[in-house]
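Colleague: Can you read through this structure? Questions will come right after.
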Amino acid sequence: MNQNSITGPHNESWAIEAHGLVKTFGENRAVDGVNLKVGTGTIYGVLGPNGAGKTTTIRMLATLLRPDAGSASIFGHDVVKEPQIVRQLIGVTGQYASVDESLSATENLVIFSRLLGLGRAEARHKAAELLEEFGLTEAAKRPLKHFSGGMRRRLDLAASLIAQPPLIFLDEPTTGLDPRTRNQMWDTIRRLVKSGSTVLLTTQYLEEADQLADRIAVIDHGRVVAEGTVDELKASVGNSSLQLRVQNPQDVEMARRMVEQVLKVQSNILAEAEKITAPMGNVHQVTDLLIALREAGIPLAEMSVQKPTLDEVFLTITGHGVQEDAALTPNESNKVEGQKHEYFN
Ligand SMILES: Nc1ncnc2c1ncn2[C@@H]1O[C@H](COP(=O)(O)OP(=O)(O)O)[C@@H](O)[C@H]1O
Ligand SMILES: [Mg+2]
């Protein structure tokens, strides 16, 4: 089969190519030389804590902010030299956030559909379909000013989907959403990609990247500190991860020393649960460890060997974990959201 029939012309096999993107705010290099390559038809996750530079990166890729250095192209079109073309190829959630607060959800969606060239009946149909999909049917007639934050976010994504652009930027699409709505959002994102779109999503949730993304860039302080498939990133931390809990708290230190001796690695203690974790190259070593612990008379409460989590990956790569509080509160610095945009050029 002709490869081009799938991927289109050569320069379109990459939905996004960015080289050395930089954005400085005063003294702060918010984005400090970011390189990205996002394959067409994939979900790409940009994972990083609050303030890492995710939103600023998206704003440059979406022609909302001019890079100070570096270059980026969307399906082969330069974001600085061809912004008009780029804007026709992308959707950014948040872009449509505040339309007309006094109009209903349906009316807002119909207006967007009409602006995008859909006929009257088609626009009505599309609006109803999207409201249904995002669980907003009951609220369809309510004016936007009575919408909760979660409802706004869903309407926002719905609006950006009217055109089904080839590339969709989702900036922390599920931050602050309840678990049920988050799962709905995940399903929608998967469906979008099945129907041909490419998605770049940012997230602070390791699990979200793990669930959705084909490839992930881990970003910290404006730099990509790791890139690869979820499995590749996990493999960089060791093939498997040992988790062990002793019955008697006074045995923790002794057990830890034995883990390090037998596995010949550094271990960690997760304080609250007094759980010892350690990377393991070879699962067979667990036998030696169990024998050593029994001979030392240390009874175990729990033991498991599993694939490393992305949390452990992040810890290993950056030397610090994802700040817990940052991961739990909505991201205040989501500049794409709810803001009137000034396009450059
Ligand atoms: N318009 C702006 N003016 C000044 N500083 C900004 C602006 N936008 C972002 N920053 C700063 O740039 C850094 C990266 O922010 P951001 O890209 O929003 O990170 P993230 O989206 O990963 O949370 C932060 O230190 C933030 O305070
Ligand atoms: Mg952000």
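The values are calculated or read from the model by the stated rules, or taken from the named source; none is laboratory data. These numbers were taken from a predicted model, which means no experiment stands behind them. Cβ: placed from backbone, ideal geometry, glycine included. Neighbour counts: every protein chain shown.
Colleague: Only strands (runs of 3 or more DSSP E) wholly contained in region 204-247 count here; list those with 3 or more residues that are at pLDDT 90 or above and closer than 21 Å to Val193 by Cα.
Modeller: 215-220
Colleague: Hey, could you check region 92-115 for residues that are modelled with pLDDT of 70 or more and among the hydrophobic types (A, V, I, L, M, F, W, C) and say which is nearest to Ala140 (Cα to Cα)?
Modeller: This residue is Ala105.
Colleague: Restricting to region 163-173, count the residues that are more than 12 Å from ligand 2 (Cβ to nearest atom) and modelled with pLDDT of 85 or more.
Modeller: 4
Colleague: What do you reckon, is Thr57 within 30 Å of Leu36 (Cα to Cα), buried (at least 20 other Cβ atoms within 10 Å of the Cβ) and either at pLDDT below 85 or more than 16 Å from ligand 2 (Cβ to nearest atom) (or both)?
Modeller: The answer is no for Thr57.
Colleague: Would you point out which residue out of Arg120, Arg87 is in contact (Cβ under 8 Å) with a residue 40 or more places away in the chain and of a type in the set (Lys, Arg)?
Modeller: Result of the check over Arg120, Arg87: Arg87.
Colleague: Among the candidates Gly228, Gly238, single out the residue that is touching a residue at least 60 places away in the same chain (Cβ under 8 Å) and under 34 Å from the mean Cα position of the chain (by Cα).
Modeller: Going through Gly228, Gly238 in turn, the sole match is Gly238.
Colleague: Given region 18-77, what strands (runs of 3 or more DSSP E) lie entirely inside it while holding 1 or more residues that are in contact with a helix residue (DSSP H, G or I) (Cβ under 8 Å, 6 or more places away or on another chain) and away from ligand 1 (no atom under 15 Å from the Cβ)?
Modeller: The strands (runs of 3 or more DSSP E) meeting that bar are 43-47, 69-74.
Colleague: Working only within region 126-140, note down all residues that are touching a residue at least 40 places away in the same chain (Cβ under 8 Å) and not hydrophobic (A, V, I, L, M, F, W, C).
Modeller: Glu133, Gly135 - these are the residues of region 126-140 that are touching a residue at least 40 places away in the same chain (Cβ under 8 Å) and not hydrophobic (A, V, I, L, M, F, W, C).
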